[in-house]
Number of protein chains: 2
Amino acid sequence: MKTLELIQKNLGSFSKSERKVAEAIIASPEVAIHSSIATLAKMAEVSEPTVNRFCRRLDTKGFPDFKLLLAQSLVIGTPYVNRNVNQDDGPEAYNAKIFESTIASLDSAKNMLDTATIKRAVDVLTRADKIAFFGLGASSAVAHDALNKFIRFNIPVSCFDDIVMQKMSCINSRKGDVIVLISHTGRTKALVEVAQLARENNAFVIALTPNHSPLAEKSDLVLSASAPEDTDIYMPMASRIVQMVIIDVLATGFTLRRGPKFIEHLKRIKTGIKDSRFDKVDLNED
Amino acid sequence: MKTLELIQKNLGSFSKSERKVAEAIIASPEVAIHSSIATLAKMAEVSEPTVNRFCRRLDTKGFPDFKLLLAQSLVIGTPYVNRNVNQDDGPEAYNAKIFESTIASLDSAKNMLDTATIKRAVDVLTRADKIAFFGLGASSAVAHDALNKFIRFNIPVSCFDDIVMQKMSCINSRKGDVIVLISHTGRTKALVEVAQLARENNAFVIALTPNHSPLAEKSDLVLSASAPEDTDIYMPMASRIVQMVIIDVLATGFTLRRGPKFIEHLKRIKTGIKDSRFDKVDLNED
DNA sequence: ATTGTCATGTCATTTTATTACAAATCAAAG
DNA sequence: CTTTGATTTGTAATAAAATGACATGACAAT
């Protein structure tokens with residue numbers, strides 16, 4: 001809650017002198033944050049300890065702490081809007097627009113994602129005998145990224161961006177296996193068939209794809225990553241970013257589920273890698 | 001400009017001790033804003049006046065004034081959150097944290113990126129006879145993504161994530177060719193050698209890597225994508241996202257530079273793809 | 001009126017920030 | 001290599017700010 005609003009709201013519960021302080025702050029918060037306790041006390045026509053007491057009443061450690069809090073609450077968060085790039089945009093403009101629209105997509109995805117579904121996905125993944133990540137076209141980059149993350153967990157993981165290999169892999173799958181399908185559109189026929197095949201072989205199918213899409217219908221669990229974007233000219237890039245972040249969330253959930261001992265194990269792996277940084281190629285981390 | 005990024009950017013212009021202060025602040029800004037000048041001086045292992053001088057160098061009235069500014073700059077849209085995931089975080093918590101820290105990285109990268117450098121990079125790319133994207137390990141996903149984008153522009157593009165292929169490709173390069181190297185650390189010896197090789201053959205080298213890193217030194221042009229992050233346990237994921245967005249910015253700049261007729265051409269390609277969506281695999285867009 | 005409680009202010013103390021100056025470091029010129 | 005001058009850095013003194021302890025005063029309940 002914004003500090004100023006909090007003060008406003010609690011005006012009634014303050015004592016006479018404290019209210020004076022509150023009013024002085026509300027009147028000119030910008031001045032208040034740059035004033036010393038003495039200055040502010042003079043402005044509010046109260047004593048210095050009164051100001052201090054006022055600060056503590058608002059659950060802060062003291063006056064300096066309060067100033068910090070107030071200063072932060074005065075910042076107006078830049079609303080990130082999705083803006084389209086125009087032909088006559090210069091580098092400053094399109095750079096800002098692309099970054100901001102990506103940020104907006106992430107923010108929206110953050111709020112849209114259902115944490116209960118995430119939890120279920122993590123449950124399924126931690127119990128999996130074998131995990132496979134499949135994507136086609138641009139989504140294959142996401143699948144590779146996923147492989148890169150999960151391969152560290154020392155469980156059988158695979159990743160194919162070739163439809164034939166995907167199908168073959170599905171035919172060989174069985175109960176306990178998890179297939180993660182990644183598709184921006186959720187309408188690619190080949191991938192829908194892959195999902196079908198996987199389920200026929202009792203594998204569990206998780207899809208990173210828009211809700212209600214054909215692919216979603218064929219999956220056991222859907223992590224909807226739909227990021228509405230201008231697909232007219234430019235590429236469906238934000239959705240890929242969102243997908244990668246979702247993968248990261250799953251990997252993190254996986255790590256946490258494995259518990260502290262597992263994290264220690266990861267730390268050791270990492271330290272091992274660090275030591276050899278200058279001697280050989282680090283394929284995990286570059 | 002966000003204070004933290006300002007500090008990051010001016011790291012080079014500080015004196016030895018001042019840099020220590022800067023690094024201490026960057027390492028834990030939220031601790032810094034709640035510390036006294038004495039505490040911070042101890043953390044940075046410098047004297048108190050040095051901290052004060054550092055603050056003044058950043059155009060503030062003194063330490064308290066600086067703290068206020070820093071505190072405000074730590075606010076991003078949504079109130080600033082603790083970026084680190086803890087063992088006892090539930091799905092809601094780690095989901096939010098991961099998304100928010102990624103957003104914070106993007107926001108910071110947006111402001112750190114030098115648009116003049118972007119412009120130059122786009123210049124070079126549009127004039128290139130041949131473009132190659134190279135990355136190792138996790139960064140190879142970014143290189144693939146770049147290939148995916150640039151291949152549409154109907155110019156010779158390639159992408160290798162194998163060090164031998166990369167070197168062979170460099171040996172065969174010549175003036176007019178552009179090599180884009182992607183590295184989170186900028187310290188991978190093999191990639192530095194690749195840069196060296198490319199330059200020996202008169203190719204132009206663009207690096208997506210932290211400033212002042214060994215790889216950066218060997219490159220003609222550096223797009224610094226350093227995203228400070230907790231690399232202790234979890235993976236350098238945000239930096240990869242940032243790299244992908246930078247690639248997107250370059251691709252967009254490329255498109256715009258080619259002019260309206262080129263955009264028309266892209267639109268037609270896209271329409272062509274749409275018509276066949278349900279019949280065959282769309283390798284470009286899924 | 002009297003007593004107890006709470007709010008407030010005064011003054012002393014402690015903590016924090018700043019200034020002035022001296023020592024140390026470093027680079028350029030002899 | 002020295003020497004010189006400039007710059008950086010730290011030490012110690014000083015000033016400013018915040019907090020704490022305590023006393024006074026206001027007000028309500030008896």
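Bear in mind that the values in this text are calculations on the coordinates, not laboratory data. All values derive from a computational prediction rather than experimental measurement. Virtual Cβ from ideal backbone geometry, glycine too; neighbours counted across all protein chains shown.
Here is how the numbers come out for the structure above:
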quantity	calculated
Other copies of A:Asp59: label-to-label distances in nm, shortest first, labels 7 Å along the beta-carbon direction	3.6
Prolate/oblate/rounded label for region B:4-65 (Cα gyration tensor, a/c 1.5)	rounded
Label distances, nm, A:Thr39 versus same residue in remaining copies, Cβ-directed 7 Å point	2.3
Gyration tensor (alpha-carbon) shape descriptor, region B:116-202, a/c threshold 1.5	rounded
Peptide B:243-252, shielding by other chains (average Cβ, 10 Å cutoff)	6
Cα-Cα over 24 Å, subset of B:Lys119/B:Lys218; B:Lys42/B:Lys110; A:Lys16/B:Lys61; A:Lys9/A:Lys61; A:Lys149/B:Lys130; A:Lys97/B:Lys218	B:Lys42/B:Lys110; A:Lys16/B:Lys61; A:Lys149/B:Lys130; A:Lys97/B:Lys218
Mean Cβ count within 10 Å, highest first, over the residues of peptides A:99-105, A:163-169	A:99-105, A:163-169
Among B:Ala104, B:Leu11, B:Thr39 - extreme Cα towards positive end, dipole of region B:1-128, charges at beta-carbon	B:Leu11
Across the identical copies, how the B:Lys119 labels are spaced - nm, sorted shortest first, 7 Å along Cα→Cβ	5.2
Packing-based ranking, highest mean first, of B:212-221, B:137-146 given that Cβ atoms within 10 Å are counted	B:137-146, B:212-221
